[in-house]
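Just below is one structure, and these are the notes that go with it.
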Amino acid sequence: MALYKAIDILKLADSKHTAALAFNCADYNMVHSVAVAAETVQKPVICMLHPDHHRIENWITPELFAKLVADEAAAVSVPMAMHLDHCSDFDYLVRALKAGFTSVMYDGSMLPFEENIKNTREITKVAHAMGATVEAELGHVGIAATVTDQSNLDLYTQPEFAAEFCERTSCDSVAVAIGSAHGFYKQTPHLDLERLAAIDAATRTPLVLHGGTGIPDEQLLLAFQRGINKLNVGTEFFWLYYQTIKSYDAPDITQLPRTVQAALTEYLKKKFQLSF
Ligand SMILES: [Zn+2]
């Protein structure tokens, strides 16, 4: 099947009152495992590149990532899409769009409201002209290691601003801050589901939940029913990759990729039970 656009997968999820799963990936082992697992369970999926995995950790370039996901998508029979995660660098966003990304996230969540709107609107114009879509962020999803981030109500998305934000930016989806955070949680998060329902009622734009590692499944399923159409998962996927390499002690190192892919695929197949 040809590559899908992330927004079409989000719309599919919306029509079924569920969320598409989006996994941060950084190399062939990860993207291929996502494709194999999605094909096995016959569910749509989104592969995301975080710019840090290129610019800081040097796993892969956006150009290579785009080719890799397109190749894998062509080999499966389920919808598969690519997305650039958290980016606030205009030049890098354009680079990703030129590389073939059909979906990018502009993260202006730490900027004042008006500035976030201005920048999001600008990148959305460019992306739309190139046939791509934009995920924005309103409110700020913090770092789980900093408990104050996750429970700081000042950073939560305010429903009354969500409608105005989506309308003025023309963004295609929006990440909301409702009590989740990035990384491993120090304590079990409690999503503000009432706030989520209010945001969903205030806007027709598909909503995205970041910080998918460690949120109890029951809360995730309720969040999907209340308007979340995309769930981002990164930390636990990477952690499993690292742990699998660390515990590999077979004499034949050539079997390491297969071992990693088998572990990732098993994890993904279970994770997919959450959606669709
Ligand atoms: Zn995120």
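The values are calculated or read from the model by the stated rules, or taken from the named source; none is laboratory data. Computed from a prediction, not measured in an experiment: that's the story for all the values here. Backbone-built Cβ (ideal geometry, glycine too); neighbour counts: all protein chains shown.
Hey, any hits in the stretch 7-20 for a residue that's surrounded by fewer than 20 Cβ atoms within 10 Å (Cβ to Cβ), of a type in the set (D, E) and under 19 Å from T213 (Cβ atoms)?
no
Would you tally the residues in the stretch 205-247 being touching a residue at least 12 places away in the same chain (Cβ under 8 Å), in a loop (DSSP other than H, G, I, E, B) and more than 16 Å from the ligand (Cβ to nearest atom)?
4
Kindly check whether there is at least one residue in the stretch 3-17 that is in a helix (DSSP H, G or I) and within 16 Å of the ligand (Cβ to nearest atom).
Step one: of the stretch 3-17, the residues in a helix (DSSP H, G or I) are 6-15.
Applying the additional criterion that residues be within 16 Å of the ligand (Cβ to nearest atom) yields 6, 10.
Scanning the stretch 3-17 turns up at least one residue that is in a helix (DSSP H, G or I) and within 16 Å of the ligand (Cβ to nearest atom).
Tally time: how many residues in the stretch 168-198 are buried (at least 21 other Cβ atoms within 10 Å of the Cβ), in a loop (DSSP other than H, G, I, E, B) and within 12 Å of the ligand (Cβ to nearest atom)?
3
When you scan the stretch 20-108 for strands (runs of 3 or more DSSP E) that lie fully inside it, which ones turn up with 3 or more residues that are over 21 Å from Y267 (Cα atoms) and within 16 Å of the ligand (Cβ to nearest atom)?
Numbers: elements: 20-24, 45-49, 80-87, 103-106.
The qualifying strands (runs of 3 or more DSSP E) are 80-87, 103-106.
Got a number for residues in the stretch 25-42 being surrounded by fewer than 23 Cβ atoms within 10 Å (Cβ to Cβ) and on the phi < 0 side of the Ramachandran plot? Break it down into steps so the answer makes sense when it comes.
Applying the first criterion (surrounded by fewer than 23 Cβ atoms within 10 Å (Cβ to Cβ)) to the stretch 25-42 yields 27-29, 32, 36, 39-42.
Of the ones still in play, those that are also on the phi < 0 side of the Ramachandran plot are 27-29, 32, 36, 39-41.
Qualifying residue count, the stretch 25-42: 8.
Find the residue count for the stretch 122-157, including only residues that are surrounded by 18 or more Cβ atoms within 10 Å (Cβ to Cβ) and more than 16 Å from the ligand (Cβ to nearest atom).
Final tally of qualifying residues: 5.
Consider L155 against the criteria (1) in contact (Cβ under 8 Å) with a residue 40 or more places away in the chain; (2) within 23 Å of E115 (Cβ to Cβ); (3) hydrophobic (A, V, I, L, M, F, W, C): it satisfies all of them except one. Which criterion is unmet?
(1)
Might you check whether a residue that is touching a helix residue (DSSP H, G or I) at 6+ places or on another chain (Cβ under 8 Å), touching a residue at least 12 places away in the same chain (Cβ under 8 Å) and polar (S, T, N, Q) occurs anywhere in the stretch 70-77? Can you show your working first?
First, the residues of the stretch 70-77 that are touching a helix residue (DSSP H, G or I) at 6+ places or on another chain (Cβ under 8 Å): 72-73, 75-77.
From what's left, touching a residue at least 12 places away in the same chain (Cβ under 8 Å): 72-73, 75-77.
From the residues that got through so far, the ones that are polar (S, T, N, Q) too are 77.
There is at least one residue in the stretch 70-77 that is touching a helix residue (DSSP H, G or I) at 6+ places or on another chain (Cβ under 8 Å), touching a residue at least 12 places away in the same chain (Cβ under 8 Å) and polar (S, T, N, Q).
Find the residue count for the stretch 83-106, including only residues that are within 18 Å of H210 (Cβ to Cβ), surrounded by fewer than 23 Cβ atoms within 10 Å (Cβ to Cβ) and hydroxyl-bearing (S, T, Y).
1
All but one of (1) under 24 Å from T124 (Cα atoms); (2) in contact (Cβ under 8 Å) with a residue 40 or more places away in the chain; (3) surrounded by 15 or more Cβ atoms within 10 Å (Cβ to Cβ) hold for A201, so report the exception by its number.
(3)
Looking at P112 and the list (1) away from the ligand (no atom under 16 Å from the Cβ); (2) surrounded by 15 or more Cβ atoms within 10 Å (Cβ to Cβ); (3) farther than 24 Å from A6 by Cα; (4) not aromatic (F, W, Y), which single condition is not satisfied?
(2)
Condition check: modelled with pLDDT under 95 and outside any strand (DSSP E or B). Does A250 satisfy that? Lay out the reasoning, then the answer.
Numbers: modelled with pLDDT under 95: yes; outside any strand (DSSP E or B): yes.
Yes; evaluated as a whole, the condition is true for this residue.
What number of residues in the stretch 113-160 are β-branched (V, I, T), farther than 24 Å from D8 by Cβ and not in a loop (DSSP other than H, G, I, E, B)?
The qualifying residues number 4.
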